[in-house]
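I have placed the structure first, in the form of structure tokens, so that the comments after it can refer back to it.
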Amino acid sequence: MRIVSLIASATEVVCALGLGDLLVGRSHECDYPPAVRKLAACTEPKFRVEVPSAEIDRQVKEILQQALSVYRVDAERLRALRPTHIVTQTQCEVCAVSLNEVEHALETWLEARPEVISLQPFALADVWTDIARVAAALGVPERGRLLNRYIQSRMAAIERRAESLPRPTVACIEWIEPLMASGNWMPELVRMAGGRNLFGEAGLHAPWLEWTEVVTADPDILLILPCGFDITRTRQELPPLTSRPGWSGLKAVREGQAYLLDGNQYFNRPGPRLAESLEILAEVFHPDSFHFGHHGRGWQRLEGAR
């Protein structure tokens with residue numbers, strides 16, 4: 001088998017199934033486990049990723065309005081890798097290379113076409129289904145069952161411990177400008193970690209959010225985890241958020257309960273490390289009850305939030 005994974009989360013799944021040595025290609029975003037970085041990257045974004053949040057949003061919308069793809073697949077490199085399996089997704093046209101882009105890259109192939117495994121994770125249950133789908137397609141269904149059982153047992157243990165603890169209200173910010181709340185599996189993770197999610201619904205895409213809604217709700221805890229950004233990049237993007245009217249008056253800000261989370265490495269990737277994502281939330285919500293060692297790397301308190 002020769003596997004190309006075009007989604008970061010799927011790359012992690014393949015490696016967690018013990019098949020990392022069969023990977024021959026990846027997307028430009030696949031960087032974990034670190035060993036996959038040596039693989040050939042088969043995709044690239046059509047927009048400038050180094051610009052501020054508002055400009056990224058403008059570029060992406062402009063591309064989509066032209067009915068174009070947000071990402072470019074290197075069809076020649078893909079062909080040269082001779083994959084037997086390609087993993088892609090249909091969940092989000094903006095977040096990663098989609099099934100349509102892969103099919104377009106394959107449409108001129110005259111040789112045997114690889115099997116395309118398309119994932120569609122909207123909620124936690126879909127993540128378990130996708131892990132099982134990848135494992136079955138790659139011929140290791142039992143490994144998929146064991147991996148799911150392992151991840152789910154870790155997460156269930158946290159959920160049980162959090163059930164008897166106070167439940168703070170939580171606002172999750174998934175994009176800063178324009179403002180978006182977290183959706184999909186994030187509301188489920190917040191609940192399992194012992195919080196009460198204020199915006200966004202499980203199984204649905206991230207919704208647009210009005211700042212007045214945040215001020216009115218006045219959350220106990222504010223989580224800032226823009227899609228695709230690590231903590232350092234998120235910190236750079238903060239001014240449009242922290243300069244909004246009423247920021248300093250928010251309860252979460254006054255009481256030092258505003259946090260920066262690594263959305264790129266954890267929360268935005270519907271794969272094995274959702275267990276670590278849940279651990280991070282548990283540490284933030286209930287620091288006296290949970291200690292997993294993610295502080296500094298997975299989350300940081302926003303300085304000056306008191």
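Divided by 2.2 N^0.38 Å, where N counts the residues, the Cα radius of gyration of segment 103-233 comes to 1.34. Computed about its Cα centre, the charge dipole of the chain is approximately 600 debye, with only Lys, Arg, Asp and Glu carrying charge at their Cβ. About the centre of its Cα atoms, segment 100-154 shows a dipole size close to 500 debye [charges on the beta carbon of Lys, Arg (+1) and Asp, Glu (-1) only; nearest 20 debye]. For segment 223-253 versus segment 138-162, the spacing of their alpha-carbon centroids is 33 Å. Ordering 31-39, 202-210, 122-130, 218-226 by mean Cβ neighbour count within 10 Å, with the highest value first, yields 218-226, 122-130, 202-210, 31-39.
Dipole magnitude for segment 135-251: about 560 debye, using +1 per Lys or Arg Cβ and -1 per Asp or Glu Cβ, origin at the Cα centre.
One decimal place: the segment Arg161-Thr232 gains 22.4 nm when fully extended, by the rule 0.36 nm per residue minus the C-alpha distance. Taking each residue as 0.36 nm, the span from Arg37 to Arg254 lengthens on full extension beyond its C-alpha to C-alpha distance by 74.0 nm. Projected label points at Ala132 and Glu103, each 7 Å from Cα along the beta carbon direction, are separated by 2.5 nanometres. The distance between label points at Arg77 and Glu115 comes to 2.6 nm (points 7 Å beyond Cα on the Cα→Cβ vector). The modelled label-to-label distance between Tyr150 and Asp21, using points 7 Å beyond Cα along the C-beta direction, is 1.7 nm. For the chain, the solvent-accessible area works out to 44 Å² per residue, with a probe of 1.4 Å and every protein chain left in place.
Backbone amide hydrogens, once placed in the peptide plane, bring Val116 within less than 5 Å of Ile86, excluding anything fewer than 5 places away on its chain.
In the chain, a dipole from Cβ-located charges (positive for Lys and Arg, negative for Asp and Glu) runs towards its positive end, and of Ala80, Asn268, Ile224 it is Ala80 whose Cα lies farthest in that direction.
Residues whose amide H comes within less than 5 Å of that of Ala40, counting only those at least five positions distant or on another chain, are Arg26 (H built at 1.01 Å from N in the peptide plane). Short-range pairs are left out: with C-alpha atoms under 8 Å and at least six residues apart, the relative contact order of the chain is 15 percent.
The values are calculated or read from the model by the stated rules, or taken from the named source; none is laboratory data. Here the structure is a predicted model, which is why all the values come from computation and not from measurement. Positions of Cβ are generated from backbone atoms using ideal geometry, with glycine treated the same way; all protein chains shown enter the neighbour counts. Keep in mind that these areas ignore ligands, DNA and RNA; they rest on the heavy atoms of the full protein, side chains included. Shrake-Rupley method; radii C 1.70, N 1.55, O 1.52, S 1.80 Å.
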